[in-house]
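Report on the following structure.
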Amino acid sequence: MSALQLSGIGHAYLGRTVLDHIDLTVGAGEIVALVGPSGCGKSTLVHVAAGIVQPLRGRVSATYVRHGMVFQEPRLMPWATARDNIAYPLRLAGVSRKERRARAEDAAARSSLDVEDLDKFPIELSGGMRQRVAIARALANRPDFVYFDEPFTALDVALKRRMQDLVISAARDERFGALFVTHDLFEAVRIAHRIAVMERRGQGIAGERVIDGVPGAREDRQIFEIVMRYLGEDSLFHHVNDIDERRLP
Ligand SMILES: Nc1ncnc2c1ncn2[C@@H]1O[C@H](COP(=O)(O)OP(=O)(O)O)[C@@H](O)[C@H]1O
Ligand SMILES: [Mg+2]
């Protein structure tokens, strides 16, 4: 059964088409990595799928119950402690104060945050810790689907790896499905079951590849070989590292 189905999605900003004929399905408990060159419309597609942006054309059919979101920047409320940031969606959902506290602490532990960090404000936390708070906030409401939009791009390599492991184990333990946007093919191949490649300028999904093995069980060497094969021999990936010429002066 699919958790998310996008059919014939099209969108435009100020009369300029940024997405066209996008068809994409994510199964329940499946992690699909979405890759494509910068500016091709990945974030717009995430916003459409999550219901934040109403598409001009096409249909979004989501059968998941609750979704969480993690963005490139943690987007925390600076005046609230880590604990209150994590619990914020629960407050919106009307969860009781006591239950909020318990669930926030549980989500924090699952995101490798120490309990003493929960009383700190965002400014007192490192970049990696802030992003862990953002992940804990996304997980606190026990989502069965999570949108990730280049969540680890700003982190250094070692930290990125830890965060990827955290997502892999959380997805497995909580059984959530995910649409994971990244322009890092190594990240995509580590984290996902399947990889979907967007055309330049959002002109549809160019193609998809089911990645050998399962997230969390692939050896580094295997990941490296898969990425090298994609980049070297698979024409689907030829444009992935292009830059968006519309952004150049
Ligand atoms: N709110 C907006 N208003 C106008 N243009 C936008 C807006 N958001 C994004 N765009 C444009 O839409 C295109 C796709 O952007 P985006 O979805 O952010 O791409 P990606 O996430 O793949 O880098 C880009 O050309 C971008 O400049
Ligand atoms: Mg983006």
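A few notes on this one:
- Scanning the stretch 136-153 turns up one or more residues that are in contact with an Asp or Glu (Cβ under 8 Å, 6 or more places away or on another chain) and under 24 Å from CYS40 (Cα atoms).
- Scanning the stretch 112-167 for residues that are more than 13 Å from the chain's Cα centre (by Cα) and polar (S, T, N, Q) yields SER112, SER126, ASN141.
- Here the stretch 194-228 is the region considered, the condition is being within 16 Å of ligand 1 (Cβ to nearest atom) and in a helix (DSSP H, G or I), and the residue that is nearest to GLY8 (Cα to Cα) is GLY202.
- Members of the stretch 73-95 found to be over 15 Å from ARG142 (Cβ atoms) and among the small types (Gly, Ala, Ser), listed by number: ALA80, ALA82
- Looking only at the stretch 41-57, and only at residues there that are away from ligand 2 (no atom under 11 Å from the Cβ) and small (Gly, Ala, Ser), the one that is surrounded by the fewest Cβ atoms within 10 Å (Cβ to Cβ): GLY51
- Qualifying residue in the stretch 153-173 (condition: within 16 Å of ligand 2 (Cβ to nearest atom) and closer than 27 Å to ILE9 by Cα): yes
- Scope the stretch 20-40; condition surrounded by 23 or more Cβ atoms within 10 Å (Cβ to Cβ), farther than 19 Å from GLY68 by Cα and modelled with pLDDT of 95 or more; matching residues: ILE22, VAL35
- One residue alone among GLY232, GLY207 is in contact with a Leu (Cβ under 9 Å, 6 or more places away or on another chain) and exposed (fewer than 15 other Cβ atoms within 10 Å of the Cβ), and that residue is GLY207.
The values are calculated or read from the model by the stated rules, or taken from the named source; none is laboratory data. Since the structure is predicted, the reported quantities are computational estimates derived from the model, not experimental observations. For neighbour counting, all protein chains shown are included, and Cβ atoms are generated from backbone atoms with ideal geometry for every residue, glycine included.
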